[in-house]
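Accompanying notes for the structure given below.
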Amino acid sequence: MVSQYDTSVKAAWRDSACGPTATHIVLSHYGLTYSINELYRTLGTTRLGLFTPCLIRNAKRLLGDDFVVARASVKTVMQLLDCHLPVLAKFDCFTSCTPWRKAYYRYHWVVLTDYYLQHGQLHFIGNSNGNIFTFDYATSAHALTFVQLTKRDSPLR
């Protein structure tokens, strides 16, 4: 189980290490073994968290041309998950146009691992610090950003 609260993560960074932790999980899927502490520094994480543009820019620098790192649409996320490829998702109510609306998390990076449709509603299955959870997309859509981090030779580019 990988967690941002693991003792291997620098104590001062644990509360804001969800982005590097989620990125670590996705990169581990491809056999890359950057530590959460390395990713915290390299991706430009701050005590406020990991901003999406910083993640994309710095992950591109770190991984080079072998990886696709970009924002992803819901359709792309579903296609990636159909190919059994994990996807980064950020809940961020603070920068949403409707910060008063509820979402599954107010601010947190997670890894999406699957989805399903139930009564016409899209639900995602995610991993947060080793805990598996399910959430309704419609309830959290206003606060979600998806990031594709895949090998360039993956089935979906």
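The values are calculated or read from the model by the stated rules, or taken from the named source; none is laboratory data. Note that the structure is a prediction, hence the values are computed from the model and not measured. Neighbour counts are summed over all protein chains in view; Cβ atoms, including those assigned to glycine, are modelled from backbone coordinates with ideal geometry. To get the accessible areas, we keep the full protein, side chains included, count just its heavy atoms, and leave off ligands, DNA and RNA. Shrake-Rupley method; radii C 1.70, N 1.55, O 1.52, S 1.80 Å.
Okay, here's what the table says:
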read-out: Condition check for F94: over 25 Å from M1 (Cα atoms), aromatic (F, W, Y) and exposed (fewer than 13 other Cβ atoms within 10 Å of the Cβ); value: yes
read-out: Filtered residue count, the range 60-83, keeping only those that are over 17 Å from T145 (Cα atoms) and either of a type outside the set (K, R) or in a strand (DSSP E or B) (or both); value: 8
read-out: Residue within the range 7-28 that is on the phi < 0 side of the Ramachandran plot, aromatic (F, W, Y) and out of contact with any Phe, Trp or Tyr (no Cβ under 7 Å at 6 or more places or on another chain) present; value: no
read-out: Residues (in contact (Cβ under 8 Å) with a residue 60 or more places away in the chain and in a helix (DSSP H, G or I)) located in the range 1-54; value: C18, G19, T21, A22, T23, I25, V26, L27, T52
read-out: Residues within the range 100-139 that are closer than 23 Å to I56 by Cβ, open to solvent by less than 50 Å² (accessible area, probe 1.4 Å) and not hydrophobic (A, V, I, L, M, F, W, C), tallied; value: 6
read-out: Number of positions in the range 71-107 that are modelled with pLDDT of 90 or more and on the phi < 0 side of the Ramachandran plot; value: 20
